[in-house]
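*Asks:* Have a look at the structure that comes next, please.
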Amino acid sequence: MTNKLIDWTPDLSLPTSKSTVQHFIAKAGGDRLVIDTTPWGEADLSVNGQSIAHLETAASAGDAFRTLETIAEDLEADKNARLDQAIEDDEVREKLGLARI
């Protein structure tokens, strides 16, 4: 079993059937992520209300969800990696008002 970076929760307030949109919500690193999938394989990923990715031709809703889930995890991992980088350039540190450690 893989260790998932993001814990997705289905929106249970929406009706569920084979012909409706599935809505999944997650919070990661202060961001609100949403994936909407359709049974015919169309899906959208948004982060903090901004559209990030759209799929039109996935084989199924499950395939669309997994693809967008991977994109969301990559975005969050990249964001975390950038936040963890050390700022070693003294000129950059000075412009940001950071003290040399």
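What follows is calculated from the coordinates using simple rules that are stated; it is not laboratory data. Just so we're clear, the structure is a prediction, and the values are computed from it rather than from any experiment. Counting neighbours? That spans all protein chains shown, and the Cβs are built from the backbone with ideal geometry, glycine included.
*Asks:* Under the Karplus relation 6.51 cos²θ - 1.76 cosθ + 1.60, θ = phi - 60°, what is the ordered set of whole-Hz ³J(HN,Hα) values for the range 21-30, x standing for Gly and Pro?
*Replies:* 6, 9, 10, 10, 10, 8, 10, 8, x, x
*Asks:* For residue 79 and residue 40, what does the FRET efficiency come to when R0 = 22 Å and r is the distance between their Cβ atoms, rounded to the nearest 0.05?
*Replies:* According to the calculation, E is roughly 0.10.
*Asks:* Give me the net charge of residue 47's neighbourhood, meaning all other residues with Cβ under 10 Å from the Cβ of residue 47; Lys, Arg count +1, Asp, Glu -1.
*Replies:* The answer is 0.
*Asks:* Expected output is a single nm value to one decimal: the length gained when fully extending between residue 56 and residue 23, i.e. 0.36 nm times separation in residues minus the C-alpha distance. What is it?
*Replies:* Result: 10.3 nm gained on full extension.
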